[in-house]
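Below is one structure, written out as structure tokens; the observations come after it.
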Amino acid sequence: MSQRHAAILAFLSALIVLVEPAQAQMEAAFDVDGKSRLHATVTDGDFYYDISVEPSATIQLLSDWSLTVIARAFADGGDRLEPGRPRQNSRSSFNRRLLVGDQLELDLREAYLAGYVGPAFLTIGKQQIVWGKADRIRVLDIVNPHSFREFFLPSFEQSRIPLWSVRAEAPVGPLQAETVFIPDRTYAEFPEAGGAFALTAAQFNPPEPLTGQPPTLAPAVNRRGGFDYGLRLSGLVAGWDVAALYFRHTEDAPQFNTFETEGQAIITPVFNRAHLVGASFSNAFGDITLRAELGYTFDRGLSSRNATNPSLIDQADSIAYVVGVDWYGIDDTLVTVQFFQDRILDAAPSNRRKVDNFVTAALNRSFENDTIRLGVRALTNLADDDVMVQAEGGYELADNLAIIVETAVFFGDRNGVFGQFKQESRISIGLRFGL
Amino acid sequence: MRILIVLLTLSVQLFSPAKGETITLSGRVIAENVYARDDGEHVDQTLIMELTDKSGKTRRRDTRLVRKEYGDVHKTLITIRSPSALKGTSFLTFDYQNATRDDDQWLYLPAMRRERRISASDRGAYFLGTDFTYEDMKERTRLSLHDFEFALIDRAVEGASDLRWIEALPKSESTAHELGYGKIEALVDTSTWMYQRLVYWDVALNPLKEITLSDIAKIDGIVTAQTIRCENLKTGHTTTFQFTDIDYASPIDDRLFTVAAMRRGLR
């Protein structure tokens, strides 16, 4: 029996055990949410559309247990994000999307059982696990990988790739302890060459061969490395929300070894194992909420040139932190500013800077009893002076129907994190709907 | 303090004059009696919010609300169950009875999949798009004894009900700005010690809004308003809270009132 079949069998067995004695008291709630948008690129005036429909169901099994299933159908009208049929190499065999033609995909987003066993709350199945307190910056929120087919434009909830995993939460004195175990070896998903948001900036790609030889891509190393697991303690201490965590994991994005011999260059993607130790804090002071998180990574992988062993990459410790301030000084308005720094210690990476500094700013405001919502957000990389600006307006026509207008604009050098997508700046109009 | 207020109330009732005589209660004592009214140590209820704009367009939020008192801390969790776009949104508050300590508040947004600590200082901000402010929600349409000076302004009799109009003026200008209220007049039923109607003026003393409590019944021995309507006199927008499945008797699981449990929300 394959690993995939064993996992599915185990999940179904657990489901049958829980459902069978409880049929008489079973309750279910079904919802469908969706979004359809028509986009126009600013530079070329190209039009394309996408439609996303997300049905979900929550079924009460026993009094304290439930089954939640969330699926998503996504149509990329212009087949621009992942042209053709993506190979899905970064996903484990039981976490792949079902591709219907080039433009439609069906994805089991989440499917998990949740309930109490004694004092512990268990969540078993495909799920999203979110750690950290920052907005759209990942220091501690690294349990699930992300899809970058639309770069940073979708919400993290939409771009996060749920993983088959087990999560247990239980009170320990005044604190809450949480352990996670993740057998699903699925990694971050990057669009292949030709995708609208294919990453072209140097720091996301292998070091170029010095000899100018056309490189050959070797099979990835350690793709089937160890399982991920972690422990998090959190609680309210003297008015502060505090958390501390440890996470042992395979990093979501591969690093590359560019190996050169006479007349040949071989690039090997390497999935690196690392340890993360982190902490987060938040508290409110009058109109202001302060949030901070800090992560120290041991043995972080770095792309490198290695003349002796094509399966190795460099490793170094690194520290990353984010400090954010939310200001609630005006009614119905939230202003947020965050500073994020990522610093590699004791090494000189070959394809990126030792230190990256980012600033984000966001303004959200609602009008007319939340009927109208406006939001503007900017992310900038201070070293490259490039910026991504997103704005969204929504008007609620009815409980489950809203008109949305969005724009995303990229500024800066084409080799910068945001500037590389200048040609993808766009304006969009659409509908958000539910049933 | 609560015991003192109850004793005071009892003494008023014991020495109540014969029918037709006037009872002289100060505005402050009336407000204290309303504040001390038993509203249960814990409650679990469904709250339907209907938001109607001046053109008549109505939006509806189906929520579940649980509240429990832990000594000087009152903990409340509200989860939106529909519409689907807002489903799972949860709001948790730890309301400290010590007036000098800010409340702790968190908001869980399913679109972010994480809870967010939010400021509790903006008490005059409107709650989830309704016409009720965070302060109205926290005080459950009572008037804080710390924030207002009270005065008795009128007496009215409707059928068997002996009613009093009291006036509440903010104790300071900063309190007025914080709450967004320059004056409140409230009609109290002295047989239940429940406000029946509250009329609000803004800081510039322009008419602001009016709250009406109705469908008042005893549930599990506790006097409860099952419908609360708030009309914003400036915008014409109204919010109606309809409480159903009210349960003061069944125990409430303490595990619900944690930040971690917000993610899971209430079914």
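Every read-out reported here was derived from the displayed coordinates using simple, explicitly stated rules and does not represent laboratory data. On a predicted model such as this, the values are computed, not experimentally measured, just so you know. Note: ideal-geometry Cβ built from the backbone for every residue, glycine included; neighbour counts use all protein chains shown.
Here is how the numbers come out for the structure above:
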{"quantity": "Filtered GluC sites (Glu not before Pro), segment B:35-83: DSSP coil and at most 14 other beta carbons within 10 Å", "calculated": "B:Glu41"}
{"quantity": "Label zone at A:Val237, where the point sits 7 Å out along the Cα-to-Cβ direction: segment A:149-182 residues whose backbone N lies under 19 Å", "calculated": "A:170-179"}
{"quantity": "Rg over Rh [alpha-carbon atoms, Kirkwood Rh] for segment A:256-334", "calculated": "1.32"}
{"quantity": "Likely footprinting exposure, B:Val188, A:Val355, fewest C-beta neighbours within 10 Å first", "calculated": "A:Val355, B:Val188"}
{"quantity": "Inter-label distance for A:Asp44 and A:Val277, nm, one decimal - labels placed 7 Å from Cα along Cα-to-Cβ", "calculated": "4.9"}
{"quantity": "Label point distance in nm, A:Asn364-A:Ala57, each placed 7 Å from Cα along Cα→Cβ", "calculated": "3.1"}
{"quantity": "Kirkwood hydrodynamic radius (C-alpha pairs) into Stokes-Einstein, segment A:58-111, 10 °C and 1.306 mPa s, D in µm²/s", "calculated": "123"}
{"quantity": "For chain B, radius of gyration divided by Kirkwood radius, i.e. Rg to Rh on alpha-carbons", "calculated": "0.96"}
{"quantity": "A:Glu392 paired with A:Ala28, simple spin-label distance in nm, labels 7 Å along Cα-to-beta-carbon", "calculated": "3.0"}
{"quantity": "Only Lys, Arg (+1) and Asp, Glu (-1) charged, at Cβ; chain A dipole about Cα centre in debye", "calculated": "1080"}
{"quantity": "Pairs of alpha carbons in segment A:198-238 whose separation is greater than 13 Å (percent)", "calculated": "76"}
{"quantity": "Peptide A:235-246 - average C-beta neighbours from other chains (10 Å radius)", "calculated": "2"}
{"quantity": "Sorted by Cβ density within 10 Å, fewest first, the residues A:Met388, B:Met112", "calculated": "B:Met112, A:Met388"}
{"quantity": "Top of A:Asp314, A:Asp346, A:Asp331 by mean-square fluctuation, Gaussian network on chain A, Cα under 10 Å", "calculated": "A:Asp331"}
{"quantity": "Shielding by partners, peptide A:364-372 (average Cβ within 10 angstrom, other chains)", "calculated": "4"}
{"quantity": "Tilt relative to chain B, helix B:2-14 - C-alpha long axis, 0 to 90 degrees, to 10", "calculated": "40"}
{"quantity": "Whole-Å semi-axes of the protein assembly as shown's equivalent ellipsoid (Cα gyration tensor)", "calculated": "53, 27, 24"}
{"quantity": "Neighbour-count ranking [beta-carbon atoms within 10 angstrom, fewest first] of A:Glu54, A:Glu82", "calculated": "A:Glu54, A:Glu82"}
{"quantity": "Degrees between helix B:27-36 axis and first principal axis of chain B (Cα, 0 to 90, nearest 10)", "calculated": "40"}
{"quantity": "Between segment A:396-419 and segment A:106-184, the alpha-carbon center distance in angstrom", "calculated": "25"}
{"quantity": "DSSP-assigned coil residues among GluC sites (Glu not before Pro) in segment A:138-230, each with at most 16 further Cβ atoms within 10 Å", "calculated": "A:Glu192"}
{"quantity": "Max mean-square fluctuation residue, GNM over chain B, Cα-Cα springs under 10 Å, options B:Ala186, B:Ala160, B:Ala176", "calculated": "B:Ala160"}
{"quantity": "Members of B:Lys138/B:Lys218; A:Lys133/B:Lys138; B:Lys54/B:Lys75; A:Lys133/A:Lys354 lying beyond 28 Å, as alpha-carbon distances in this model show", "calculated": "B:Lys54/B:Lys75"}
{"quantity": "Cα centroid separation, segment A:33-101 to segment B:133-170 (Å)", "calculated": "53"}
{"quantity": "Rounded, prolate or oblate (a/c below 1.5 giving rounded, otherwise prolate when a/b exceeds b/c) for segment B:45-158 by Cα gyration tensor", "calculated": "oblate"}
{"quantity": "Residue-by-residue Karplus 3J(HN,Hα) for segment A:92-97, coefficients 6.51, -1.76, 1.60, Hz, glycine and proline x", "calculated": "5, 5, 9, 10, 9, 7"}
{"quantity": "P(r) histogram, all alpha-carbon pairs of segment B:26-72 included - 5 Å bins from 0, percent", "calculated": "5, 15, 13, 14, 13, 14, 15, 9, 2"}
{"quantity": "Trypsin sites (Lys or Arg not before Pro), loop per DSSP, at most 11 other Cβ atoms within 10 Å - longest free stretch of chain A", "calculated": "A:225-435"}
{"quantity": "Helix-only [θ]222 nm of the protein assembly as shown, DSSP H runs n ≥ 4, -39500 (n - 2.57) each, per residue, nearest 500", "calculated": "-2500 deg cm²/dmol"}
{"quantity": "Highest-fluctuation residue, A:Gly225, A:Gly278, A:Gly263 considered, GNM on chain A with Cα pairs under 10 Å", "calculated": "A:Gly263"}
{"quantity": "Cross-link partners of A:Lys35 among lysines (Cα-Cα below 25 Å; sequence separation of 8 or more within a chain)", "calculated": "A:Lys126, A:Lys422, B:Lys57, B:Lys87"}
{"quantity": "Shielding by partners - mean other protein chain Cβ count within 10 Å, residues of B:117-130", "calculated": "5"}
{"quantity": "Whether segment A:23-136 is rounded, prolate or oblate, judged on the alpha carbon gyration tensor where a/c under 1.5 counts as rounded", "calculated": "prolate"}
